Amino acid sequence: MDENYLKGTTTVGIICKDGVVLAADKRATAGNLIVNKRTDKIYEISSNMVITMAGTVSDAQLLSKLIKAELQLKKIRSGREPNVKESANLLAGMVYSNIRRMSLIPGISHFLLGGKDETGYYIYDIFADGSLTPCEDFVTSGSGSVFAYGVLETLYTPNITTEQGVELAVKSINAALARDTATGNGIHIVTITSKGITNVVDKDVDTRIR
């Protein structure tokens, strides 16, 4: 199966008082076919930033590698770590250019970028058209986002801790797992705090009958 066609996702980003939480499922689909049950949709692009991916896998993977390389070059040239806002703007420009390039396969890619710098913790929503929106509380993307939003709108409260944010992320992804056919097979959750980037949940879900 051509990797260009793999899609279907639920990703979640949550702003907490002591950090940010980013989560994603592990299923990749091509139409009604599940083609990968262990797709990694959370990617570390620097020592203090990660992104979640949704959309056409080949485009999302390529842009993830490009933004990581560009941030490394920017650090070498400037002698400092890029901050979250300028990194999000750089990725948004890449997404804008990518979807407007003529191609037989639409270059659809949707990213959530979360990170920390000297000014605080941030999540940015980088939509498939290249638009950039700062997140003030929570955001979700992908085919299962409508189900995740229902949980987030109901249960999110201001000033939650990252520990509470992880619990909320699990409930949000679970809602999508239960109702969205393109979401499934596991959950991956990452936190970004003063301690750095931490993988707090990385669990596969066995759907076979035993």
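Only the coordinates and a few stated rules stand behind these numbers; no lab work does. This structure is a prediction, so every number in the text was calculated from the model and none was measured. So basically every Cβ, Gly included, is an ideal-geometry build from the backbone, and we count neighbours across all protein chains shown.
Key figures
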| read-out | value |
| --- | --- |
| Least to most buried among Arg80, Arg179 (fewest other Cβ within 10 Å first) | Arg80, Arg179 |
| Whole-angstrom gap from segment 103-149 to segment 53-75, using each part's C-alpha centre | 14 |
| Rounded to the nearest 20 debye, dipole of the chain from Cβ charges on Lys, Arg, Asp, Glu | 460 |
| Per-residue Cβ neighbour rank within 10 angstrom, fewest leading, Thr198, Thr29, Thr119 | Thr119, Thr198, Thr29 |
| Relative contact order [Cα under 8 Å, 6+ residues apart], segment 79-210, whole percent | 16 |
| Backbone HN-Hα couplings from phi across segment 114-130 [Karplus 6.51/-1.76/1.60, Hz, Gly and Pro as x] | x, x, 9, 9, 5, 9, x, 10, 9, 10, 10, 9, 10, 6, 5, 8, x |
| Inter-label distance, nm, simple model (7 Å from Cα along the C-beta direction), Lys171/Ile108 | 3.0 |
| Footprinting exposure proxy for Phe127, Phe147, Phe111 (fewest neighbouring C-beta atoms within 10 Å first) | Phe127, Phe147, Phe111 |
| Additional length obtainable on full extension of the chain from Arg179 to Ser131, 0.36 nm per residue less Cα span | 14.5 nm |
| Calculated log10 I(q)/I(0) by the Debye sum over Cα atoms at q = 0.09, 0.16, 0.17 Å⁻¹ (choose from (i) -0.36, -1.15, -1.28; (ii) -0.32, -1.01, -1.14; (iii) -0.54, -1.00, -1.05), label | (ii) |
| Among Pro82, Val35, Gln72 the positive-end extreme of the charge dipole of the chain (Cβ point charges) | Val35 |
| Expected 222 nm ellipticity per residue - DSSP helices of 4 or more, -39500 (n - 2.57), all of the chain, to 500 | -10500 deg cm²/dmol |
| Cβ-derived FRET efficiency at R0 45 Å, Arg100 paired with Ser194, nearest 0.05 | 0.70 |
| Charge dipole (debye, nearest 20) of segment 99-210; +1 at Cβ of Lys and Arg, -1 at Cβ of Asp and Glu | 420 |
